[in-house]
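The values are calculated or read from the model by the stated rules, or taken from the named source; none is laboratory data. Just so it is clear, the model here is predicted, and its values are computed rather than measured. Note: ideal-geometry Cβ built from the backbone for every residue, glycine included; neighbour counts use all protein chains shown.
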Amino acid sequence: MIKFAQPQLDEDTIQAVAGVLRSNWLATGPHVTAFEQALSHSFGGRPTRVVTSATGAIEIALQVCGIGAGDEVITSAQSFFSAMNMIVKVGATPVFVDCDLHTRAIDLAQVEAAITPRTRAIMPTHFPGALGDLDALYALARRHRLRVIEDAALVQGSYWNERPVGGFGDIATFSFHPNKNMTSIEGGAIVVASEDDAALVDLLRFHGIRRLPDDTRDVAVAAGKFNMSDVSAIIGLHQLRQLPAFLAQRAALADRYFQQLPALPGVVAPPRGVARQSWNMFNLLIPYERFGHTRQSFRAALQDRGVGTGMSYEACHQTSVGRGFGYTDGQFPHAERIARETVTLPLHVAMTSADVDLVCAAVAEVLPAQ
Ligand SMILES: Cc1ncc(COP(=O)(O)O)c(C=O)c1O
C-alpha cells in the first residue's frame, strides 16, 4: 500500500525522544527554545514561536492583530478549514473570495473589491508548486493598512524571490502535523515581524500570564494554552535538520509525476517549473464523469490497487459554517471546481520514483485514454 502521506522518523530522532522522556522534563523547556531558535534562523532570524498546531497559530495570529467582533477578514474560499474557523472563533466575519484555478492563490482583484471599512486583515493560503504574487499582496495590504496572516502550513521551504516564506512580510503560520513537510507529531509555528508581536504571542500561547517583579503572576489577557512540549520540540529539531533532504526528495517525486502521469483530457496538473517551491502535496483536478467515474469510485479504484489518496480541499463557503454567513453555490467557480475535482496523489519522503510510476500506472488503468 502506498499511503498518500506519511512521516519519516529516523532512529536518531527516536533515541533523542527517549532521552527527553528519561530527562523528566517533558513540557515546554530547553528543546522548545532550541527548536524556536533553529526555526527562526531558517526564517532569516525573524521572531518565531512554536505552538501546538497551525490552527492554534492562526488563532493567536488573529488575536495578535487585535481582530475580534465586528471585524472582517478576507480569505480564500479554497483552503483548509482552519482559517475560516479561527476567524469565526475570535468573533470576526470571514469574507470569502475566489482563487486562481492553477496556483490556488487568493484572487487579489477580488480581495481589493471586498475591502470595507471593517476589513482588518487578509489571510491567504499558499499551495505547493507556485505562490501567488506576494509583492502585489503586500502592496495591496499596505495601501489599505491591513494586516496579513499567511497560512503557510503547506509550503515550509518555498521561496518568494530570494526569501523563504516566513522570512519576510507580516505574520506567517506553519504546521508540523505528520502530513506536512516536517513534523513534531502535532505542532505549528508563528513567525512575526516584531518583538512586540512576539511578546504578545508569548502571552497568548500560555494563559496570558505575565510575571510580576515580586514573582507572582498577573493575567494580562484572557488567553488559552498552546505551548509545545519538549518531546515534540526534539522531534521538530531533528526533522528541521533533515528538511533540506526531505524537500529535495519531495521535489524529485513531483518531477517524476510530471514525467510519468498520462496525458488525460480535462485533467489539470499543479503548476510546474517554478524555482524553489516545496512539494507537500501533488493535487490533480479530474473531470471524473468524462471517465465514467465519480471521485469516490476513482479513489476506491486506486485504493483497490494499493494507492491511498487524499482530498484538499472542500470549499469553505460551502460548509455549514460558511453557508451560515449567507454564502451559496456558484459564487466562487474556481474554489468550487477544485472542491469537486481535486484529488491528492501520494507524495512523501519514504516513496521512491518506482512508487510514483506505480501510482501513475494505476491512474492510467483507472482512467483509460478515450
Ligand atoms: C492549509 C492548512 N492550514 C492549516 C492547517 C492546520 O494545521 P494543523 O493541523 O497543524 O492545525 C492545515 C492542515 O492540514 C492546512 O492544510
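For region 294-370, the helices (runs of 4 or more DSSP H) that sit wholly inside it and include 2 or more residues that are out of contact with any Leu (no Cβ under 6 Å at 6 or more places or on another chain) and closer than 28 Å to Ser82 by Cα are 295-304, 320-323, 333-341.
Residues that are surrounded by 15 or more Cβ atoms within 10 Å (Cβ to Cβ), hydrophobic (A, V, I, L, M, F, W, C), away from the ligand (no atom under 16 Å from the Cβ) and not assigned by TED's automatic domain parsing to the domain that holds Val95 do not occur anywhere in region 309-323.
Can you name the residue in region 138-165 that is within 16 Å of the ligand (Cβ to nearest atom) and outside any loop (DSSP other than H, G, I, E, B) and is also nearest to Lys180 (Cα to Cα) among such residues?
Filtering region 138-165 for residues within 16 Å of the ligand (Cβ to nearest atom) gives 148-158, 165.
In the following step, the residues that additionally are outside any loop (DSSP other than H, G, I, E, B) were identified as 148-151.
Details: Val148: 22, Ile149: 19, Glu150: 16, Asp151: 13 Å.
Applying the filter and picking the extreme gives Asp151.
Out of Arg143, Arg163, which single residue is surrounded by fewer than 16 Cβ atoms within 10 Å (Cβ to Cβ), under 30 Å from Leu253 (Cβ atoms) and either in contact with a Pro (Cβ under 6 Å, 6 or more places away or on another chain) or basic (Lys, Arg) (or both)?
Working: Arg143 fails: under 30 Å from Leu253 (Cβ atoms).
Checking each option against the conditions leaves just Arg163.
Within region 38-66, the set of residues being assigned to a loop (DSSP other than H, G, I, E, B) and without any contact (Cβ under 8 Å) to a residue 60 or more places away in the chain comprises Gly45, Gly66. None of Ser175, Ser158, Ser184, Ser82 is in contact with a Phe, Trp or Tyr (Cβ under 6 Å, 6 or more places away or on another chain) and hydroxyl-bearing (Ser, Thr, Tyr) except Ser184.
Quick one: would you say Arg256 is under 21 Å from the mean Cα position of the chain (by Cα) and under 28 Å from Asn280 (Cα atoms)? Walk me through how you get there before you give the answer.
On the way: under 21 Å from the mean Cα position of the chain (by Cα): no; under 28 Å from Asn280 (Cα atoms): yes.
Taking the combined requirement at face value, the residue does not satisfy it.
Hey, does region 117-129 have a residue that's within 20 Å of Gly56 (Cα to Cα), surrounded by fewer than 24 Cβ atoms within 10 Å (Cβ to Cβ), more than 15 Å from the ligand (Cβ to nearest atom) and not assigned by TED's automatic domain parsing to the domain that holds Gln249? Yes, that holds for at least one residue. Give all pairs with beta carbons closer than 9 Å in which a residue from region 1-28 that is over 20 Å from Thr52 (Cβ atoms) meets a residue that is β-branched (Val, Ile, Thr) and in a loop (DSSP other than H, G, I, E, B); count only pairs at least 6 apart in sequence or on separate chains. Every condition considered, the pairs that remain are Phe4/Thr309; Gln6/Val349; Gln8/Thr183; Gln8/Val349.
If you take the residues in region 169-220 that are small (Gly, Ala, Ser) and in a loop (DSSP other than H, G, I, E, B), which one is nearest to the ligand (Cβ to nearest atom)?
As a first pass, look at region 169-220 and keep what is small (Gly, Ala, Ser): 169, 172, 175, 184, 187-189, 193-194, 198-199, 208, 220.
Narrowing the set further to residues that are in a loop (DSSP other than H, G, I, E, B) leaves 169, 184, 187, 193-194, 208, 220.
Working: Gly169: 17, Ser184: 9, Gly187: 7, Ala193: 20, Ser194: 23, Gly208: 21, Ala220: 25 Å.
Only one residue fits best here, namely Gly187.
Within region 265-288, is even one residue away from the ligand (no atom under 15 Å from the Cβ) and in a helix (DSSP H, G or I)? Yes, region 265-288 contains a residue that is away from the ligand (no atom under 15 Å from the Cβ) and in a helix (DSSP H, G or I).
Residue count for region 75-115 under the criterion of being in contact (Cβ under 8 Å) with a residue 60 or more places away in the chain and not in a loop (DSSP other than H, G, I, E, B): the result is 13.
The residue list Gln110, Gln156 contains one member that is polar (S, T, N, Q) and surrounded by fewer than 18 Cβ atoms within 10 Å (Cβ to Cβ), which is Gln110. All of Val64, Val50 fail the test of being closer than 29 Å to Ala38 by Cβ, more than 13 Å from the ligand (Cβ to nearest atom) and either modelled with pLDDT of 95 or more or among the acidic types (Asp, Glu) (or both), apart from Val64. Only one of the listed residues (Phe80, Phe43) is within 16 Å of the ligand (Cβ to nearest atom) and surrounded by 18 or more Cβ atoms within 10 Å (Cβ to Cβ). That residue is Phe80.
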